[in-house]
1. Hey, among 104, 83, which residue is at pLDDT 95 or above and surrounded by fewer than 22 Cβ atoms within 10 Å (Cβ to Cβ)?
2. Restricting the search to segment 317-330, which residues are surrounded by fewer than 24 Cβ atoms within 10 Å (Cβ to Cβ), touching a strand residue (DSSP E or B) at 6+ places or on another chain (Cβ under 8 Å) and assigned to a loop (DSSP other than H, G, I, E, B)?
3. Go through segment 258-305 and count every residue that is under 22 Å from residue 342 (Cα atoms) and under 16 Å from the mean Cα position of the chain (by Cα).
4. Hey, can you tell me all the residues within segment 333-349 that are more than 13 Å from residue 305 (Cβ to Cβ) and either modelled with pLDDT of 95 or more or surrounded by fewer than 19 Cβ atoms within 10 Å (Cβ to Cβ) (or both)?
5. Of (1) at pLDDT 95 or above; (2) out of contact with any helix residue (DSSP H, G or I) (no Cβ under 7 Å at 6 or more places or on another chain); (3) crowded, with 17+ Cβ neighbours inside 10 Å, residue 249 satisfies all except one. Which?
6. Can you tell which of 240, 181, 206 is within 21 Å of the chain's Cα centre (by Cα), more than 25 Å from residue 304 (Cα to Cα) and in a strand (DSSP E or B)?
7. Would you mind telling me which numbered condition in (1) in contact (Cβ under 8 Å) with a residue 24 or more places away in the chain; (2) closer than 21 Å to residue 83 by Cα; (3) surrounded by fewer than 19 Cβ atoms within 10 Å (Cβ to Cβ) residue 24 fails?
8. Looking only at segment 1-14, how many residues end up being surrounded by 14 or more Cβ atoms within 10 Å (Cβ to Cβ) and within 13 Å of residue 68 (Cα to Cα)?
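The values are calculated or read from the model by the stated rules, or taken from the named source; none is laboratory data. Source: prediction; values computed, not measured. Cβ atoms come from the backbone with ideal geometry, glycine included; neighbour counts cover every protein chain shown.
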């Protein structure tokens, strides 16, 4: 029996209304094998990236001068409802921090895997970021438009600092002296000092995504998904140094460790732009898979990787030649991945099928694919590189993975009672 095809004309709706209608169709048609084809009109960058990030199986097609969002309700299990463990960080002292329910951050002892306490933060916390010395944890709160600053030496809240609307991804400068928080509604980046005092508000492009700082502390690069640019900020004085046209839908950026190059994943044009920080010009374009979203480099800067949301794989390139050397199949919707600090492993969380892949980083081959809790998202490593901690949002738990044995050691309920 042929799959039911549902044709919708959404071109008169706003971007937010289009997303809500597609979510409604997902709930209505889930389990029926249907396909939804929604005419979106102009290039629907924000809609496409928003739904990809939530784990919906969605692709983008062009029809003459219009674009169609194609939703397959049975192709993936998206992140729905519970805002549990999503973002996670691990410091050098063995503490693990995770977002969890009820506007809290869980403090976990990495050695015993016990929840030590919960810290109240702002409304609807999204992402966590540790300072480079591990002394502070920054929590972006999308509901209260502020960032909670936690002293990790005492595990106490130091401050709640106001910033722009709906901050998502905090970025700590490599010298630890500044924190950058992009705001989509405000089309700006708020710059705070380490204690949360405002230093600057910098105008950027449409739909700013994950800002990144160069390791030498000179530059901050802000990708703007809906204006298809990267805003270059001089981190020394927070002045605007330029605007770079990259690809369609730039999302995340990775710098090499010498701050010579920046790698920009373009989610809509399915490629990675390589920028020379010497003159802020593109020197190469690397082809990627569908929905290229998250780039990273190996610890020795030899290889680059990008996770492709819609083609369920990782592309690997040689950083010396910018040539693709491998395509590694993973699970459905690889939401997040990271190389282990010792360079042995690539760990990939597959949001759409609740699994984690462990890849041999030297041979570019998958060694295991492990079942974990619902909607695995961000991950972190233990200081000795033996464990990976994976935050599973839908089940509000942390999967603890032994990398050497390639097995799940245990799960920790992030929102459970402290021990």
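1. Unique residue meeting the criteria: 104.
2. Listed by number, the residues that qualify are 319, 322.
3. 6
4. The answer is 341, 342, 344, 349.
5. With (1) at pLDDT 95 or above; (2) out of contact with any helix residue (DSSP H, G or I) (no Cβ under 7 Å at 6 or more places or on another chain); (3) crowded, with 17+ Cβ neighbours inside 10 Å applied to residue 249, the lone miss is (2).
6. 181
7. (1)
8. Count: 4.
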